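The block underneath contains the structure these notes are about, expressed in structure tokens.
The values are calculated or read from the model by the stated rules, or taken from the named source; none is laboratory data. Note that the structure is a prediction, hence the values are computed from the model and not measured. Glycine gets a Cβ as well: all are built from the backbone with ideal geometry, and neighbour counts include every protein chain shown. Heads up: the accessible areas ignore ligands, DNA and RNA and are worked out on the full protein's heavy atoms, side chains in. Shrake-Rupley method; radii C 1.70, N 1.55, O 1.52, S 1.80 Å.
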Amino acid sequence: MAVTAPTIESTYRVLKEKLEGIVPDFELAYKAELAFHINQLKSERGAVILGHNYMEPALYHSVCDYTGDSLELSRIAATTEADPIVFCGVRFMAETAKILNPDRTVLLPAERAGCSLAASITAADVRELRRRYPGVPIVAYINTYADVKAEIDVCCTSSNARQVVESLDSDVVIFLPDEYLARNVARETGKRIVFPSDKPVSANRASESASDGLEFEIVGWEGRCEVHEKFTVEDIRAVREQFPDVVVLAHPECSPEVVDASDFSGSTSAMTRYVTEVEAERYLLLTECSMGDNIAAEARDKEMLRLCSVRCPHMNEITLEQVLASLRENRYQIEVPEDVRLRARRSIDRMLEIR
Ligand code: 13P
Ligand code: SF4
């Protein structure tokens, strides 16, 4: 049977089926037209579109070939053969795709889609930490720029942070730049955490730590996610008071106190899986608000409560209009200097090898 080519009408129907009641109809009609043109251009150009779980629901459900959390999208970027790669996410994610695909065009649809964590640390800061803690392995969250990744030993994401730290087989590990993720990993693994502004630690601290009953220490950095740092235990208390049956999910970029007061903490994809697998009616998501809409579209019988006053301005820079312009005008091309790329690649490859 001949396959009929998509039209604006059929794109609208697909979106309506997924998002009716979640996104207003007039918005779906407007966005279906943009999505139709994007999909046409995408197939003409042989492009692939990768979309982070935080993308707004119409974009997420209409033009993305692959969606996922940072680790899942990095694994896809490492294997895709398409050219160009359009990254609907933020700059550090598109840079990771470029580091893995130096000969391909990697496009980030919005020029300024940054990240407060990536902006919190520089390559010079990492070199200073190396000088201060000689011989101590350095793990950095994937939410860092290429020049920082070039200075470290291995990357991690929110879904494999614990595994990466444990894989190092070292008494002391430097974990950058998210203070809260580091504190959460330290608590999960029973390690003591210190910060460069605290009293100095050295690699031979292992024996002292052992006498405390702790296996080893983590040296953190005081970077914060501007979205997740805003959620509070008081927010959770207020929602639980109104909805006693609510299941609370917090991204590990939230403070340890917020994670503690929640029922589950995991990467964006782990939170999505949790909601679809657990039998409860009502969930509070402590993360970027759009993800609640994307989960609601998959799990119609579940109610997603969100605190939408806290948004990621960087992820929200990516719109269907920008994606269309990106494919039409080949913008904004991500470039990484070759010497930086080669060194940064080692830290990404080392993470991807950990299963
Ligand atoms: P995930 O890897 O969990 O998708 O997180 C990325 C991110 O930036 C969360 O704020
Ligand atoms: Fe960065 Fe936070 Fe936005 Fe994620 S939500 S991209 S960590 S600023």
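Tabulated data
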{"quantity": "Inter-centroid distance (Cα atoms) of the stretch 156-201 relative to the stretch 213-255, Å", "calculated": "16 Å"}
{"quantity": "Counting DSSP beta bridges with both ends in the chain, the antiparallel % (nearest 5)", "calculated": "5 percent"}
{"quantity": "Length added when fully stretched, Ala78-Asp169, from 0.36 nm per residue minus Cα-Cα", "calculated": "30.1 nm"}
{"quantity": "Calculated FRET efficiency for the pair Glu27/Thr7, C-beta based, R₀ 22 Å, to 0.05", "calculated": "0.70"}
{"quantity": "Paramagnetic label zone (point 7 Å from Cα along Cα-to-C-beta, Asp301; backbone N under 15 Å) in the stretch 238-279", "calculated": "275-279"}
{"quantity": "Sequence of Ser74, Ser167 from largest to smallest accessible area, 1.4 Å probe", "calculated": "Ser167, Ser74"}
{"quantity": "Estimated FRET transfer efficiency when R0 is 35 angstrom, pair Lys16-Leu342 (beta carbons, to 0.05)", "calculated": "0.15"}
{"quantity": "Whole-number accessible area per residue in Å² for the chain, which is evaluated in the context of all protein chains at 1.4 Å", "calculated": "43 Å²"}
{"quantity": "Residue-span extension gain [Leu352 to Arg237] - 0.36 nm each, minus C-alpha spacing", "calculated": "37.6 nm"}
{"quantity": "Distant alpha-carbon pairs in the chain (separation over 37 angstrom), percent", "calculated": "21 percent"}
{"quantity": "Protein accessible area in the chain, 1.4 Å probe - carbon and sulfur %", "calculated": "48 percent"}
{"quantity": "Percent breakdown of C-alpha pair distances by 10 Å bin, ordered from the shortest bin, for the stretch 229-318", "calculated": "17, 55, 26, 2"}
{"quantity": "Net lengthening on full extension, Glu222/Glu279 (0.36 nm per residue, minus Cα-Cα)", "calculated": "16.8 nm"}
